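S.K.: Starting off with a structure, shown below.
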Amino acid sequence: MHLAIIMDGNGRWAKTRGLGRIKGHKEGAKRVEEIVRYASKIGVHTLTLYAFSTENWQRPSPEVTALFQLIKLYLRRKVRELKIENVKINFIGRRDRLPKPVLKEMINSENETDKCTGLHLNVAVDYGGRDEILRVMNDLIQESSSLSGHPREIDEASFKSYSDLKNQCDPDLIIRTGGDKRLSNFMLWHAAYSELDFVDTLWPDFNEKELASALDRASGKERRYGGIGDS
């Protein structure tokens, strides 16, 4: 199973407690660790987490800086644990705008866990669904021009081969915490037949029990992919 999560609600969680937004993000990071371990334990094959979107650059610069610092420190401290727990980490999204120290830790964590065969953990950093589609199309156009000088027909297979999820299956289930019922530019291409589950729980309060309930709700759905199905 490929499970994807839009981790929303860190700022609101902090605000309701009279805390700064950064405290909410730090608490949210603890939930990441918990959910990664639980997903691995119950046999989820792939877990994709929406950590920082292309639109998040619009947030106040101190918050953006703190978010990247949190990502960098988390990777530096946890990569050994991920390797021991056989978790393979992979980052999706743009890399050209990321702070160099953060990018260095990302690449190091990918290299350190490259041979792991357990849970495949995708972390979306500077990721946007529209941006991914544009990047893929530009890559395909460039490849086509360099090979023949003429554009070629683009099909789903060729698009997928250049996408951020190349060699991976599309999400079976996308969960969004925090109460909002939208994808917010996440997995726009890959979510075509994903089950969607929107929960009111803010991300720092999301736990194993909440995830188990979401998986139970999804397990009863018949995915027909446009066909008639058995019922």
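S.K.: Along Cα→Cβ, 7 Å out, is where each label goes; now give me the distance between the ones at residue 34 and residue 134 in nm to one decimal.
M.R.: Taking the two extended label points, one gets 3.7 nm.
S.K.: Say each of residue 117 and residue 42 gets a label point 7 Å from the Cα, pointing the same way as Cα to Cβ; how far apart are those two points in nm?
M.R.: Inter-label distance under the simple model: 2.5 nm.
S.K.: If I stretch the segment between residue 195 and residue 145 completely, what's the gain in nm (0.36 nm per residue apart, minus their alpha carbon distance), one decimal? Each step should come with its number before you reach the end.
M.R.: On the way: separation 50, 0.36 × 50 = 18.00 nm, distance 3.73 nm.
Between residue 195 and residue 145, full extension yields 14.3 nm more.
S.K.: Ordered by residue, what ³J(HN,Hα) values in Hz, to whole numbers, does the range 162-179 give under the Karplus form 6.51 cos²θ - 1.76 cosθ + 1.60, where θ = phi - 60° and Gly and Pro are x?
M.R.: Rounded to whole hertz, the list is 9, 6, 5, 10, 4, 6, 10, 7, 6, x, 7, 9, 10, 9, 10, 8, x, x.
S.K.: Please report the Cα spread of the range 104-184 along all three principal axes, rounded to whole Å, starting with the longest.
M.R.: Computed over the Cα atoms, the extents are 45, 36, 24 Å.
S.K.: Quick one: length gained pulling residue 159 to residue 59 fully straight, 0.36 nm per residue minus the C-alpha distance? Let's see the in-between values first.
M.R.: Details: separation 100, 0.36 × 100 = 36.00 nm, distance 3.13 nm.
Stretched fully, the residue 159-residue 59 segment lengthens by 32.9 nm.
S.K.: Test of understanding: what is the full-extension gain from residue 81 to residue 208, defined as 0.36 nm times their sequence separation minus their Cα-Cα distance?
M.R.: On the way: separation 127, 0.36 × 127 = 45.72 nm, distance 1.95 nm.
Stretched out fully, the residue 81 to residue 208 stretch lengthens by 43.8 nm.
S.K.: What base-10 log of the normalised intensity I(q)/I(0) is obtained for the chain from the Debye formula, alpha carbons as equal point scatterers, at q = 0.09 Å⁻¹?
M.R.: Computed log10 I(q)/I(0) values: -0.39.
Any read-out appearing in this document is the output of simple, stated calculations on the displayed coordinates, not a laboratory observation. What you see is a predicted model, and the numbers here were worked out from it, not measured in a lab. No Cβ is skipped: glycine too gets one built from the backbone with ideal geometry, and neighbour counts run over all protein chains shown.
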